[in-house]
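Take a look at the structure below.
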Amino acid sequence: MKESSNRFILFLFVADIFFSELALFLAEITRGVMPFGRESVGMSFLDLSIMLAVAILWSFFLKLFGAYDPRRLSSSMDEGRAVVLATLAGLLALASFFYLFNIEFRSRILFAYFAAINLGLLLNYRLITRYVVKSMVASGYYVRRVVLVGASKVGKELAYIIGTQPWSGLSVVGFVDDDPALRGTEIEGRPVLGTTAELTQVIDRHTVHEVIVALGGELHDKIAQIILSLQVYPVRVRVVPDLFEMVSVRAQVEDFWGVPLIGLRDPVITGFDRTFKRAFDLVLSSTLLVLLGSVMLLIALAIKLDSKGPALFKQRRVGENGKLFSMYKFRTMVDDADKMVTKLESDGVYGDGVYKIKEDPRVTGIGRVLRRMSGDELPQLFNVLKGDMSLVGPRPEQPWIVERYQPWQRKRLSVMPGMTGWWQVNGRSDRPMFLNTEYDLYYIQNYSPVLDLLILWKTIWVVLKGRGAF
């Protein structure tokens, strides 16, 4: 799938540049043919600098908005949304390019022609490509036929994933499973073709190219037997590891001098996405510190006048992959508030997975105002600069809370924590911890720079309304 995916993504990349450059050419022709275009004046689009700018800008924004992300290509709506947003961003950047480099360009109608033609070409060629690939898969052309050994949860998920990724070149023929109740039934639209003992006959009968074994670790001997029995057959055999349920959202598989290693706690935001996210964090956090520096000084003074103790305090929090760091905040509680947690738990003030409550007796007067406006979070901009946090991500919890996590909740530690996140803009502090974790896992699974921008935008309105903050 990786090889097919890379080829398909490369094809899309080259085609996007080609059709964007073609749109420049067609816009020039349209301006000369259409009655509205004949009277327009200004520089031609058929200029080397403009063509180069379009190639760079469109490649960047299509990548940024996820148009080359295989996880999004399974849905035509998601793909179309990514192309539209990337094209709009590219048009805005192109207009800025004209302004910054003092390029004389006065033909608004030509710009409008290019925008319409470019968007039409990109959307339609991708729809046609999607239709052609699906038709090729349906007709069996250039398709590798797959049998899944095991109709368990993992086997069903594999069938679903392959079914939603037609560009992979894989097609599920069916399942083999030893459960007699499943014989003759269908799972995910694919038939159960027989038992594991009949696997070799199934391979011959259905011209199978790939076998994926998705059996539990308790069936180790059977897995080994299946693999050995297939050595004489011209099929590729792959095994889903028994660690599947332990994988922290996205696994990384490496070849360590012939020994396969499965990374269960590798960073899940990598490559271009990680570089872009870090650069965005540095630029925006630096800008905010400059703009809000005087406001932060006034907040610190108000805290000192309201109660004794430091205006700023640092607290140990758990970051990416369980790494501990010191998080900065404006003090909103009385001094030594952490020492009161055990007593409040025994009194029943805390419980049921909720560790932030309304009318917390530890919160000071100015602290209550700061929390309502989220002003106590501003010093975390320094954590963002240091690289301990990001602007967007799961909230970093205190170690004593993480110690009480259920195993599945630890998956939220697989990315860098953030000042704001998906659960903060969908309920903030008034939700139990386990619901917050589900929101955080949604963010991790669906991360994109666009999602970060959406969360930051929604955060502004959530903070202004003060919803769920205490």
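The values are calculated or read from the model by the stated rules, or taken from the named source; none is laboratory data. In this text the structure is predicted, and so the values were computed from the model without any measurement. Using ideal geometry, Cβ is built from the backbone for each residue, glycine included, and neighbour counts are taken over all protein chains shown.
Observations
- Check on residue 13, aromatic (Phe, Trp, Tyr), modelled with pLDDT of 90 or more and farther than 23 Å from residue 69 by Cβ: no
- Filter pass, residue 66 being surrounded by fewer than 17 Cβ atoms within 10 Å (Cβ to Cβ) and modelled with pLDDT of 75 or more: no
- Against the test of being at pLDDT 80 or above and part of a loop (DSSP other than H, G, I, E, B), the options 241, 234 yield a single qualifying residue, 234.
- Test: residue in region 170-192 that is surrounded by 14 or more Cβ atoms within 10 Å (Cβ to Cβ), touching a residue at least 60 places away in the same chain (Cβ under 8 Å) and not in a loop (DSSP other than H, G, I, E, B): yes
- From the list 108, 126, 145, 130, the lone residue that is within 22 Å of residue 31 (Cα to Cα) and among the charged types (D, E, K, R) is 108.
- Among residues of region 148-162 that are surrounded by fewer than 20 Cβ atoms within 10 Å (Cβ to Cβ) and assigned to a helix (DSSP H, G or I), those with a beta-carbon under 8 Å from a residue that is at pLDDT below 85 and among the charged types (D, E, K, R) at least six positions away or on a different chain give the pairs 156/188; 160/188.
- Identity of the residue in region 372-412, in a loop (DSSP other than H, G, I, E, B), in contact (Cβ under 8 Å) with a residue 12 or more places away in the chain and of a type in the set (D, E, K, R), that ends up farthest from residue 281 (Cα to Cα): 397
- Residue within region 129-140 that is aromatic (Phe, Trp, Tyr) and closer than 25 Å to residue 231 by Cβ present: no
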